[in-house]
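What follows is calculated from the coordinates using simple rules that are stated; it is not laboratory data. Quick caveat, the model's predicted, so the values are computed rather than measured. Neighbour counts are summed over all protein chains in view; Cβ atoms, including those assigned to glycine, are modelled from backbone coordinates with ideal geometry.
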Amino acid sequence: MMRTTLIFCWIIGPILYSCTGQKNSSRATINQSKKVRLGESGYFVDLPNDMIMSEAKGKEGQLGYDFVSQSKGSDMLGFIEIRHGRPIGGQDVFSSLEVKDSLYAPFLATRTLWLIKENPAGLLATTQKGNVSAFITTKDRKDIDRLIKVFSTLTEK
């Protein structure tokens, strides 16, 4: 009986280890990122392989970059604005929202305050350093934390 158990473990053990290794390897691939330049600007960010970045020019003159997940069903949207446009109606539509939470995280190599607010559609997180602003909208707090991690890699060269 003992001999049969040892033979079984000797055969099945490497197979189980191999499957576990493949699972961890695919997880590592999802979490890999590449340094990308935000358009023609001097800003760079480490973009995870499972996210897409696109340029977003507003009719008010702003220039920014959208960050979205490739995962189906994700409502996460991040936005980095590097050139501000004229304000619509002269007021900040986010200033009237109630602050739910706040945290400090790196942004452009400086510890900055992120304000997390609630709106009817979910959560909004925002921070600013100089002329560069970042916004995140989603329904899930873990998506905010994930995008803050991505935005903390923002550098200027």
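Just a few scattered comments:
- Each other residue within a Cβ distance under 9 Å of E118 adds +1 if Lys or Arg and -1 if Asp or Glu, for a net charge of +1.
- Other residues with beta-carbon under 15 Å from the beta-carbon of I144 carry, at +1 per Lys or Arg and -1 per Asp or Glu, a net charge of +1.
- Stretch gain in nm, segment N119-K149, where the contour uses 0.36 nm per residue and the Cα spacing is subtracted: 8.6 nm
- Summarising the label geometry, the points placed 7 Å from Cα in the beta-carbon direction at S102 and D66 lie 3.1 nm from one another.
- Across the cross-link table entries K34/K149; K59/K139; K35/K100; K35/K142; K100/K129, which are compared at the Cα atoms, the separations over 25 Å belong to K59/K139; K35/K100.
- Around S74: net Lys/Arg minus Asp/Glu count, Cβ-Cβ under 12 Å: 0
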